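Every read-out reported here was derived from the displayed coordinates using simple, explicitly stated rules and does not represent laboratory data. The structure presented is a predicted model; accordingly, all values stated were derived computationally and were not measured. No Cβ is skipped: glycine too gets one built from the backbone with ideal geometry, and neighbour counts run over all protein chains shown.
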Amino acid sequence: MKVLVTGANGQLGQDVVRIFNQLGHEVYGLSRDRLDITNQEQCNSVIFDLQPDAVIHCAAYTAVDAAEMEEDTAYLVNAVGSRNIVVAAEKVGAKVCYISTDYVFDGHSNEAYREYDNTDPQTVYGKSKRAGEQLVQTLSSRYYIVRTSWVYGSHGNNFVKTMLKLGAEKPSLQVVNDQLGSPTYTVDLAYFLEELIQTERYGVYHASNTETCSWFEFAQAIFDYAGLKPELLPCTTEQFPRPAPRPKNSIMEHLSIRTNGLRDLRPWKEALQDFIKNEI
Ligand SMILES: NC(=O)c1ccc[n+]([C@@H]2O[C@H](COP(=O)([O-])OP(=O)(O)OC[C@H]3O[C@@H](n4cnc5c(N)ncnc54)[C@H](OP(=O)(O)O)[C@@H]3O)[C@@H](O)[C@H]2O)c1
């Protein structure tokens, strides 16, 4: 397939470009300097010139805390920018795959969130990503919305890399033990997206590595697999207030993957082991 990837310099975008290339697709990975999604004319002309079969829309404003102070920028990129991508894609008949987030939910539920549960984002970032989802749903006739969580990979900053650095430098550290979710390895998500976009199984998906943990348990596994032995202490969210509140429950049911007969991602511990063994 001819595939255009937005945000191709980002953490996920870089692995999507690499994996799709490896799997034999004709890939156009465009970073902000070649495709600024907030520029509607540029979106229209670039997408018209390339005539992709599908657009994997990875570009986003992802600074969760900064977004609380930069509402306009968050909405400009995540809502307006996504609208620009979808409008241009629709004109050339391209499918759109919009990457979204667990932050569209309020995080208060005692159960795992299902794809068609009501959303109620609690942060500017989450609200702007939900606005992007709504525009995609309204304006694209062939879309996939793929919500993921706790993403890490070899590019960019993420929790795994931070823990590896701190674990090597500090004798002792505290990590929150009262927020639950599922880590997602960019490479596994890229393989899932590659399978998904070749189908006509449009709709909303939750895609993370399977099985769940707290950030504390995630950190513990990172140190175990990396052979690091700092003293690791559990703490509560209240002990580390942040400008944007974090969801206590980020666990997402993979109902759409199951009901559409797609292959689920492997358990997060297997993915993490692979990442630490092969990419660090
Ligand atoms: N990271 C997570 O834990 C997580 C969790 C759930 C969902 N997600 C979602 O997953 C997707 C990928 O996230 P990520 O971790 O790869 O984020 P990332 O590393 O921050 O990548 C986002 C990319 O978007 C680009 N971008 C920002 N504004 C742009 C614009 N106006 N035009 C074109 N490109 C622009 C950024 O470019 P610059 O480098 O030039 O700023 C960056 O390369 C996002 O949709 C995010 O919301 C991420």
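If you line up the Cα atoms of the range 123-177 on their principal axes, what length do they span on each, largest first, in Å?
For the range 123-177, the Cα spread along each principal axis is 53, 24, 17 Å.
Take a quick pass over the range 75-230 and tell me how many lysine pairs come in under 17 angstrom between Cα atoms, counting only ones 8 or more apart or on separate chains.
The result is 4.
Could you work out how far helix 11-22 tilts from the main Cα principal axis of the chain, as a 0 to 90 degree angle to the nearest 10?
That works out to roughly 60 degrees.
Quote the FRET efficiency, to the nearest 0.05, computed for Asn21 versus Arg266 with a Förster distance R0 of 22 Å and r equal to the Cβ-Cβ distance.
Step by step, r from the Cβ atoms, then E = 0.50.
For an R0 of 45 angstrom, estimate the FRET efficiency from the Cβ-Cβ distance between Arg114 and Glu169 and round to the nearest 0.05.
Taking R0 as 45 Å, the efficiency between Arg114 and Glu169 is 0.65.
Need one number: convex hull volume per residue for the chain, Cα atoms only, in Å³.
Each residue corresponds to 119 Å³ of Cα convex hull volume.
What would the Debye equation give as log₁₀ I(q)/I(0) for the range 1-123 at q = 0.12 Å⁻¹, counting only Cα atoms as equal point scatterers?
-0.49
Go through Phe159, Phe48, Thr6 and say which Cα lies farthest out towards the positive end of the charge dipole of the chain; charges sit on Cβ, +1 for Lys and Arg, -1 for Asp and Glu.
Going by the Cα projections, it comes out as Phe48.
Please give the peptides 16-25, 215-224 ranked by average Cβ packing (other Cβ atoms within 10 Å per residue), highest first, as a rough proxy for protection.
215-224, 16-25
In Å and on Cα atoms, what radius of gyration and Dmax does the range 20-91 show?
Looking at the range 20-91, its Cα Rg and Dmax stand at 13.3, 42 Å.
Round to the nearest 10 and give me the degree value, 0 to 90, for the angle of helix 40-50's Cα axis relative to the longest principal axis of the chain.
Helix 40-50 sits roughly 80 degrees off the main axis of the chain.
First select every other residue whose beta carbon is under 10 angstrom from the beta carbon of Met1; then total the charges, Lys and Arg +1, Asp and Glu -1.
-1
Where does the chain land at 222 nm, in deg cm²/dmol rounded to the nearest 500, when only DSSP H runs of n ≥ 4 count, each adding -39500 (n - 2.57), divided by all residues?
-11000 deg cm²/dmol
On a 0 to 90° scale, report how tilted helix 268-279 is relative to the longest principal axis of the chain, with both axes built from alpha carbons and the result rounded to the nearest 10.
It is inclined by approximately 80 degrees.
Taking the Cβ of Glu231 as the centre, find all other residues whose Cβ is under 15 Å away and add up their charges (Lys, Arg: +1; Asp, Glu: -1).
Net charge in that neighbourhood comes out at 0.
Which value, in debye to the nearest 20, gives the size of the charge dipole of the range 92-217 about its Cα centre, when Lys and Arg are +1 and Asp and Glu are -1 at the Cβ?
460 debye
About the Cα centre, and with charges only on the beta carbon of Lys, Arg (+1) and Asp, Glu (-1), how big is the dipole of the chain? Nearest 20 debye, please.
300 debye
Which net charge results for the neighbourhood of Pro243, defined as the other residues with beta-carbon distances under 10 angstrom from its beta-carbon, given Lys and Arg at +1 and Asp and Glu at -1?
That sum, taken over residues with Cβ under 10 Å, equals -1.
Given the C-alpha centroids of the range 228-280 and the range 49-124, what is the distance between them in whole angstrom?
Between the Cα centre of the range 228-280 and that of the range 49-124, the gap is 20 Å.
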